[in-house]
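Nothing in this text is a laboratory measurement; each read-out follows from the coordinates by a stated rule. This is a predicted model, so every value here is computed, not measured. All Cβ positions, glycine included, derive from the backbone under ideal geometry; neighbour counts span all protein chains shown.
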Amino acid sequence: MRDFNFTISYSEQNMRYEAYLGWSNIKSDTNRKKLEKYLVEFKRIFKDNMRVLLSLQSQVNQLHKVFYFELNESSHFEIQRALADFEFNFNWIFKGESSRNYIATGKMSVCIGLLIDCVDTMLNFARTNKHYSLKHQSESLRKMLYELQYSYERDKTALDLDLDYKRVVPPLKSKNTKNANNMHEIVRRFS
């Protein structure tokens, strides 16, 4: 089974553990276990989005093969080149220690972009040649790819290093608001 190798390094200069998760996304903390816990959650998000990406890649490839005879030579060339680039970049994700974390997360975004290029090529061909079946299927695939791109970036940035649960005490409601406010302050101090 293929797996991702997200690594943690120790910076002697900052005296912190660091994980590089993108070209400008560096997570660091003094607690290694906290950073490992974060990477487990990040890996789960990465795998979930990778599964969706592979499902969409097979749909793009299937759409290309279904309309193989209708597409012109230049469209075939662009689509085949983008799909070959997708395979090359996809294999880079699993290269191991030499690839480092930031290459894996960056290649995921590159793969999404390459599939969008494939679908855009088919969509442009369908619009110029009035091929409505290809146009509608390409538009729906394009929308799913943009949704994947948006959700992947949103999930990456929304994941917080502090995964601790923080208890929120709602304000007490009473006829006597002065006592309610004092009780709320007491509860807040001891929680």
For the pair LYS143/LYS43, report the inter-label distance in nm, with labels modelled 7 Å from Cα in the Cβ direction. 3.6
Vicinal HN-Hα couplings computed from phi for the stretch 106-117 (Karplus, 6.51 cos²θ - 1.76 cosθ + 1.60; Hz; Gly/Pro x): x, 5, 4, 5, 5, 5, 4, x, 5, 5, 5, 4
ARG16's amide H: which non-local residues (gap 5+, or another chain) put their own amide H closer than 5 Å, with H modeled 1.01 Å from N in plane and none for Pro or chain starts? SER11
Given q = 0.10, 0.20, 0.22 Å⁻¹, what are the Debye log10 I(q)/I(0) values for the stretch 9-158, with equal point scatterers placed on the Cα positions and solvent ignored? -0.43, -1.17, -1.34
Quick one: of LYS95/LYS135; LYS95/LYS143; LYS47/LYS143; LYS43/LYS95; LYS33/LYS143; LYS37/LYS107, which pairs are farther than 27 Å apart, Cα to Cα? LYS95/LYS135; LYS95/LYS143; LYS33/LYS143
Could you sort 133-141, 70-78 so that the peptide with the highest average Cβ count within 10 Å comes first and the rest follow in order? 133-141, 70-78
